[in-house]
Amino acid sequence: MIRGHRPQLLRAERPRTAARHRVSIAGRLGIGERPAADILVTDLGPKGCSLQGDAVGVTRSERLTLWLGEVGPIAGQLKWAKAGSLGVMFDEPLEDEVVGALWDAAAREKIVPMRRGEAEASA
């Protein structure tokens, strides 16, 4: 190792700076000027979240607006997209009380999301 040089960590090796919890929170996502669409938040922390939804063609330059249950609007930006999932970084971290309330509500709900097609098959 070069003296005074710190090796770069891969994204998967870098520790998160804030706690994140797996959740299942119904919400809405607005992309730029497009109408808001239903999403499912699957991972939430004070600085961002992961979600699933139909966000076709979203780019990192477009402004995102989230509503998580009754909480919102929350401004953010796209950090990554992969196979119908998005990673969003909030412009301003959520207050600890808000994050705690969302985590608690998600734990109480214990909602198990259905895959597409299951809803139609059970109808």
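Values quoted throughout were computed directly from the atomic coordinates according to the rules given, and no laboratory measurement underlies them. Everything numeric in this text was worked out from a predicted model, so none of it was measured. For neighbour counting, all protein chains shown are included, and Cβ atoms are generated from backbone atoms with ideal geometry for every residue, glycine included.
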Quick one: length gained pulling LYS82 to VAL98 fully straight, 0.36 nm per residue minus the C-alpha distance? 3.0 nm
Simple spin-label model, 7 Å along Cα-to-Cβ: THR65 to ALA19 in nm? 3.1 nm
Under a plain spin-label model, where a point goes 7 Å from the Cα along Cα-to-Cβ, how far apart in nm are ALA75 and ALA107? 3.2 nm
